[in-house]
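Some notes on the structure that comes next.
The values are calculated or read from the model by the stated rules, or taken from the named source; none is laboratory data. Everything quoted here is computed from the prediction, not taken from an experiment. Cβ sites come from the backbone with ideal geometry, for glycine too, and all protein chains shown count toward neighbours.
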Amino acid sequence: MTNPPHPGIKFPPPLLFVAGGILAWILETYVGRFRFVGGDASTAPLETAGAFLIALGLLIGAWALITFARAKTAILPMRPVSRLVDAGPYRITRNPMYTGMSLLYLGGMLVLNWGWALLVFPVVIFLLYRLVIRKEEAYMTTVFGESYRDYCHRVRRWI
């Protein structure tokens, strides 16, 4: 039996976060404003925390992308992998790109002061797991077998 050519994911995973942001915007615009901080209160602390999460998300995401590029393996999950990467941020989490995207989303939510985005976030993560991560993990197990199972025992899915 030959390995499948790719995990079977049909779209770039960042689209889930974009879709979550669009849904939050629709809810904020058409259902009603749902704020963390309202009235005359300053949003500066919220914006500062959001900017920090955005910067952290960008940093983790860039580190993950550079690590994959150096390993010369597929970055997009619609393509076949050439090797198991367990260096860089992949020593800490099996999904640093998704961790980075999650931090970007949450940071944007704080900067924009959108409570709806927080309510939408679990749906985004659930869909990410069901439509992407589960397929990636099954594919990696098929391709790398015991090496990948060992990696999964050593490294958490999330931080």
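General observations
- Counting only helices (runs of 4 or more DSSP H) that fall entirely inside the stretch 111-159 and contain at least 1 residues that are closer than 30 Å to GLY32 by Cα, the qualifying elements are 115-128.
- Any hit, the stretch 94-110, residues being assigned to a loop (DSSP other than H, G, I, E, B) and touching a residue at least 24 places away in the same chain (Cβ under 8 Å): yes
- Condition met for VAL143 (at pLDDT below 95 and not acidic (Asp, Glu)): yes
- Cβ-Cβ contacts under 6 Å between residues 6 or more apart (or on different chains), taken from a first residue in the stretch 148-159 that is surrounded by 13 or more Cβ atoms within 10 Å (Cβ to Cβ) to a second residue that is of a type in the set (Lys, Arg), are listed as VAL155/ARG94; ARG157/ARG94.
- Within the set ILE60, ILE66, the sole residue that is more than 15 Å from GLU136 (Cα to Cα), of a type in the set (Val, Ile, Thr) and surrounded by 14 or more Cβ atoms within 10 Å (Cβ to Cβ) turns out to be ILE60.
- Some residue of the stretch 78-91 being under 16 Å from the mean Cα position of the chain (by Cα) and at pLDDT below 95: yes
- Restricting attention to the stretch 1-33 and to residues that are surrounded by 17 or more Cβ atoms within 10 Å (Cβ to Cβ) and either of a type in the set (A, V, I, L, M) or touching an Asp or Glu at 6+ places or on another chain (Cβ under 7 Å) (or both), the residue that is farthest from GLU136 (Cα to Cα) turns out to be LEU27.
- Only a single criterion out of (1) of a type outside the set (S, T, N, Q); (2) in a helix (DSSP H, G or I); (3) touching a residue at least 12 places away in the same chain (Cβ under 8 Å); (4) farther than 24 Å from HIS153 by Cα is not satisfied by LEU65, namely (4).
- Across the stretch 116-131, the qualifying residues are those that are crowded, with 17+ Cβ neighbours inside 10 Å and touching a Phe, Trp or Tyr at 6+ places or on another chain (Cβ under 8 Å), and the one among them that is nearest to ARG91 (Cα to Cα) is LEU128.
- The one condition in (1) under 20 Å from TRP158 (Cβ atoms); (2) more than 13 Å from the chain's Cα centre (by Cα) that PHE126 fails to fulfil: (2)
- Residue count for the stretch 34-57, restricted to those that are assigned to a loop (DSSP other than H, G, I, E, B) and surrounded by 13 or more Cβ atoms within 10 Å (Cβ to Cβ): 5.
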